[in-house]
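Peer 1: Got a structure for you, questions after.
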Amino acid sequence: MSPEYSIGINGIDIPYKLNHRKVKRARLEFRSGRLNVVVPKGFPDHEELILRHKLWVYRRYASSLATIENAASKELVQRSDDELRGLVLSFTGKISEELGVQPEKVTFRKMKTKWGSCSSAGKLNFNRHLMHLPDDLVEYVVFHEMAHLVELRHSPRFWQIIDSRFENRTHYDKELSAYWYLIQDNIKK
C-alpha cells in the first residue's frame with residue numbers, strides 16, 4: 001500500500017499517494033480525483049517535484065473536485081451487454097451514412113483508461129463500461145471513434161468533424177469525466 005501525504009498549494013491541502021517504482025523518470029498523475037506521485041526508488045525530494053508543477057497540480061485538483069461534484073448528481077444506467085451492443089451498432093449504422101465511412105470491425109472490452117479506440121485498420125473498440133452511460137453520451141463516444149475513420153489523429157480537421165455534430169463538446173467531455181469517476185468509484189473492475 002502506498003503511503004498517503006498531503007501538500008498545501010494556494011491554501012488548499014491536496015492529498016496524494018507516493019509510489020516508488022522501477023521507472024526512469026518521476027511523474028505526476030491524477031487517477032479518479034487523486035494525485036499520484038510516481039518516482040524512482042531513491043528519488044530525493046518528491047515534494048519539490050510537486051511544487052515545481054504546483055499550478056498544474058492545483059488546476060487538476062480543482063478540476064477533479066468539480067468532476068466529483070458533477071458526478072454526485074448522476075446515476076449509472078443499467079443495461080446488458082446485448083443492449084449495449086445493439087445501441088452501439090445502431091449508432092455506427094447511422095453515423096456510417098452520415099460520415100460516409102464503414103468500420104472494419106466493432107468489438108467490446110473493458111478498458112482502464114478510455115471509452116473507445118480506433119485502429120489505423122478501421123477497427124473500433126468500445127469500452128464495456130459504456131453500458132452505464134446515457135444514450136447521448138454513448139452516441140458522442142461512437143461518433144468520436146467513427147470520426148477517426150475519416151481523420152485518424154486529433155487534428156484540427158478531426159475536431160471540426162466533432163464540432164459539426166456536437167457544438168458543445170466540452171459539455172460532453174465533462175459529463176464523460178463525471179461518469180468515469182462514478183464507474184471507478186462504484187463498479188468492480
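Peer 1: Working only with C-alpha atoms, what are the Rg and Dmax values of the chain, expressed in angstrom?
Peer 2: 19.2, 57
Peer 1: Using 0.36 nm per residue of separation minus the Cα-Cα distance, give me the extension gain between Asp82 and Trp159 in nm, one decimal.
Peer 2: Stretched out fully, the Asp82 to Trp159 stretch lengthens by 24.7 nm.
Peer 1: Roughly what would the spin-label model give for Glu47 and Ile12, points 7 Å off Cα along C-beta, in nm?
Peer 2: 2.0 nm
Peer 1: Which shape class, rounded, prolate or oblate, goes with the stretch 62-126 when its Cα gyration tensor gives a ≥ b ≥ c as root eigenvalues, a/c under 1.5 marks rounded, and past that a/b bigger than b/c marks prolate?
Peer 2: prolate
Peer 1: Here's another thing I want to ask about it. Using each residue's phi in the stretch 17-31, evaluate 6.51 cos²θ - 1.76 cosθ + 1.60 at θ = phi - 60° and report the 3J(HN,Hα) Karplus result to the nearest Hz, with x for Gly and Pro.
Peer 2: Ordered by residue, 3J(HN,Hα) equals 10, 9, 10, 8, 9, 7, 10, 7, 10, 6, 8, 10, 8, 10, 10 Hz.
Peer 1: For a quick check of your reading of the filter: which trypsin sites (Lys or Arg not before Pro) in the stretch 1-106 sit in a DSSP loop and have no more than 13 other Cβ atoms within 10 Å?
Peer 2: Lys22, Lys24, Arg25, Lys41
Peer 1: What three numbers, in Å, describe the spread of the alpha carbons of the stretch 87-187 along their principal axes, ordered from the longest?
Peer 2: Largest to smallest, the principal-axis extents are 38, 28, 22 Å.
Peer 1: Let me know the Kirkwood hydrodynamic radius for the stretch 120-163, please, with Cα pairs as the basis and the value in Å to one decimal.
Peer 2: 11.2 Å
Peer 1: Using a 7 Å offset from the Cα along the Cα-to-Cβ direction at both Ser90 and Asp173, what is the distance between the two label points in nm, to one decimal?
Peer 2: Between Ser90 and Asp173, the label points sit 2.9 nm apart.
Peer 1: I've got another one for you. Take the alpha carbon atoms of the stretch 107-171, find their center, do the same for the stretch 6-85, and report the distance between the two centers in whole angstrom.
Peer 2: 24 Å
Peer 1: Quick check: residue separation of Ala66 and Lys112 times 0.36 nm, minus the Cα distance between them. What number comes out in nm?
Peer 2: Result: 14.4 nm gained on full extension.
Peer 1: Where nothing but the Cβ of Lys and Arg (+1) and of Asp and Glu (-1) is charged, how large is the charge dipole of the chain around its Cα centre, in debye to the nearest 20?
Peer 2: Using only the charged Cβ atoms, the result is roughly 1100 debye.
Peer 1: Once phi is turned into θ = phi - 60°, what whole-Hz ³J(HN,Hα) does the Karplus curve with 6.51, -1.76 and 1.60 give for every residue of the stretch 38-49, x standing for Gly and Pro?
Peer 2: Those phi angles translate into 10, 9, x, 4, x, 4, x, 8, 5, 5, 4, 4 Hz.
Peer 1: For the pair Glu151/Arg59, report the inter-label distance in nm, with labels modelled 7 Å from Cα in the Cβ direction.
Peer 2: Result: 2.3 nm between the two label points.
Peer 1: Return the carbon/sulfur percentage of the accessible area of the chain, one whole number, probe 1.4 Å, all protein chains in place.
Peer 2: 47 percent
Peer 1: If every alpha-carbon in the stretch 14-96 counts as one equal scatterer, what log10 I(q)/I(0) does Debye give at q = 0.13, 0.20 1/Å?
Peer 2: -0.64, -0.87
The values are calculated or read from the model by the stated rules, or taken from the named source; none is laboratory data. The shown structure was predicted, so the numbers you read here are calculated from the model rather than taken from an experiment. Virtual Cβ from ideal backbone geometry, glycine too; neighbours counted across all protein chains shown. All accessible areas refer to the heavy atoms of the entire protein, side chains included, with ligands and DNA or RNA removed. Shrake-Rupley method; radii C 1.70, N 1.55, O 1.52, S 1.80 Å.
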